[in-house]
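Chemist: Below you will find the structure I want to go over with you.
The values are calculated or read from the model by the stated rules, or taken from the named source; none is laboratory data. All figures in this text were calculated on a predicted structure; none of them were measured in a lab. Here Cβ is always computed from backbone atoms with ideal geometry, including for glycine, and neighbour counts include all displayed protein chains. Side chains included, ligands, DNA and RNA excluded: accessible areas come from the protein's heavy atoms. Shrake-Rupley method; radii C 1.70, N 1.55, O 1.52, S 1.80 Å.
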Amino acid sequence: MKFWEIKNELNSEKAELLIYKEIANEDWWDEGLATPKKFNDELKALGGKDLVVRINSCGGDVFAAQSIYNQLKRYTGNVTVTIDGIAASAATIIACAGENVIMPSNTIYMIHNPMNLLIGFYNQNELEEVAKALKAVKQTIVNVYKMKCKDKITDEKLSEMMDEETFLTAQEAKDYGFVDEIDDENSVTGVLNKGNLVINSIAFNAKTFNNPDKILEIMHKENNMRNKSGIMNKLQDMVNNLSNKNNDEVIAKAKQEERERITALNKLRVPNNETINSLVDEAIADETATADKVKPYLDKIAENIGAKDYVQNMISDVNNSGVNNVLGSEDNNISEEDKTLSMLSQASKNYLKNKFGGK
């Protein structure tokens, strides 16, 4: 029984290759069934039409996967791979055949070491031969990964990740070079049901993985992030639309508020007071300054300026009266009123010097 399906609609510019099952089984090597030759014949029948390979598979036979990979690499049309749920184990080998690999943000990419099922009794030499063979198979997988990832990852890092059975998010797979593009528009679902890991309605034996819960954790986490991001984008679009719709109203309102601000500041001017009026001019030039903010300071300054003018005028009156000259003589017949005026004059001068500076 075939583990792939090719869809080639007459009027479509692209054909599709679906790998939604375990890759191969004993039938792959049985003549007349799901053989490499049968797969190759179906591929040739497409006549070089661009091909989209859709993968939702937990893997399978590494040699079958390598055969499909090589046939896809020789295919004359463009090959695009889309991860529709999970690409794990041998399925990742096929995925690497894509010139462009697309992965939705909540799908899974998993790599691990090749394994061999043994039944029976084996001696040391026989087991060492199996280990040697597995090591060689692992190197062929690393070679495929390196051709896809290029300089984004080293052979040593790949080997380490395979040793640990590494699950990758779409972003991680892209960072390492396994994936070329992340699809943020589409998403997949996954659940555990009676020992099966069901991803996009395709059931896989959960025992295939050491930690199937890890797969669901990544998928659900990415789904939640996508949902939050989608809501925020929708809200931002709504705000932008409202902003564009009300743009003219906002501009008109801003102009009116500026006119009112300037009018209020102009009301703070004082006739014939250059100091206050120059400060008002500066406040008008500062778009953040309002009459309410500026007025308390202008009042204080005006109060001090008024006090200075009053005292200065009083000193001038005392000086003009000639009292200070009289106090400088040795005449003791000076009235108490003149002494008081002289003392007040000196105190006023000291006040002005301390308050405003100058002589």
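Chemist: Which of the residues that make up region 44-61 are crowded, with 21+ Cβ neighbours inside 10 Å and over 18 Å from Ile102 (Cβ atoms)?
Modeler: First, the residues of region 44-61 that are crowded, with 21+ Cβ neighbours inside 10 Å: 51, 53, 55-60.
Hits for region 44-61 are Cys58, Gly59, Gly60.
Chemist: Right, something else. Would you check which residues across region 90-118 are of a type in the set (A, V, I, L, M), under 15 Å from Gln66 (Cβ atoms) and either touching a Phe, Trp or Tyr at 6+ places or on another chain (Cβ under 6 Å) or open to solvent by 10 Å² or more (accessible area, probe 1.4 Å) (or both) and list them?
Modeler: As a first pass, look at region 90-118 and keep what is of a type in the set (A, V, I, L, M): 90-91, 93-95, 97, 101-103, 108, 110-111, 115, 117-118.
Right, trim to under 15 Å from Gln66 (Cβ atoms) and you get 90-91, 93-95, 97, 111.
Answer for region 90-118, where residues must be of a type in the set (A, V, I, L, M), under 15 Å from Gln66 (Cβ atoms) and either touching a Phe, Trp or Tyr at 6+ places or on another chain (Cβ under 6 Å) or open to solvent by 10 Å² or more (accessible area, probe 1.4 Å) (or both): Ile93, Ile94, Ala97.
Chemist: Oh, and also: Tally the residues that are acidic (Asp, Glu) and closer than 15 Å to Glu257 by Cα, restricting the search to region 287-304.
Modeler: At the first step, the residues of region 287-304 found to be acidic (Asp, Glu) are 287, 292, 299, 303.
Remaining after also requiring closer than 15 Å to Glu257 by Cα: 287, 292.
Adding up the residues that qualify gives 2.
Chemist: Moving to a separate point now. Pairs under 6 Å by beta carbon, first residue under 18 Å from Thr290 (Cβ atoms) in region 261-274, partner assigned to a loop (DSSP other than H, G, I, E, B), six or more apart or different chains?
Modeler: From region 261-274, the pairs are Arg261/Thr290.
Chemist: Taking Thr154 as meeting all but one of (1) open to solvent by 10 Å² or more (accessible area, probe 1.4 Å); (2) within 24 Å of Ala24 (Cβ to Cβ); (3) out of contact with any strand residue (DSSP E or B) (no Cβ under 6 Å at 6 or more places or on another chain), write down the number of the exception.
Modeler: Going through (1) open to solvent by 10 Å² or more (accessible area, probe 1.4 Å); (2) within 24 Å of Ala24 (Cβ to Cβ); (3) out of contact with any strand residue (DSSP E or B) (no Cβ under 6 Å at 6 or more places or on another chain) one by one, Thr154 breaks only (2).
Chemist: A further question on this structure: If you check Ile141 against the conditions, is it of a type outside the set (Ser, Thr, Tyr), over 23 Å from Asn40 (Cβ atoms) and crowded, with 22+ Cβ neighbours inside 10 Å?
Modeler: So Ile141 does not fit the description; no.
Chemist: Restricting the search to region 1-29, which residues are under 20 Å from Lys73 (Cβ atoms), aliphatic (A, V, I, L, M) and at pLDDT below 90?
Modeler: Hits for region 1-29 are Ile23, Ala24.
Chemist: Also, I was wondering about something else. State all residues of region 255-292 that are open to solvent by 50 Å² or more (accessible area, probe 1.4 Å) and under 39 Å from the mean Cα position of the chain (by Cα); if no residue qualifies, say none.
Modeler: Across region 255-292, the qualifying residues are Lys255, Gln256, Glu257, Glu258, Asp286, Glu287, Thr288.
Chemist: Among the residues of region 132-175, how many are under 26 Å from the mean Cα position of the chain (by Cα) and not in a helix (DSSP H, G or I)?
Modeler: 5
Chemist: Find the residue count for region 1-25, including only residues that are assigned to a loop (DSSP other than H, G, I, E, B), open to solvent by 100 Å² or more (accessible area, probe 1.4 Å) and not polar (S, T, N, Q).
Modeler: Restricting attention to region 1-25, the residues satisfying the condition of being assigned to a loop (DSSP other than H, G, I, E, B) are 1-4, 8-13, 20-22, 24-25.
Cutting the leftovers down to open to solvent by 100 Å² or more (accessible area, probe 1.4 Å) gives us 1, 9-11, 13, 22.
So of that shortlist, the ones also not polar (S, T, N, Q) come out as 1, 9-10, 13, 22.
Of the residues in region 1-25, 5 are assigned to a loop (DSSP other than H, G, I, E, B), open to solvent by 100 Å² or more (accessible area, probe 1.4 Å) and not polar (S, T, N, Q).
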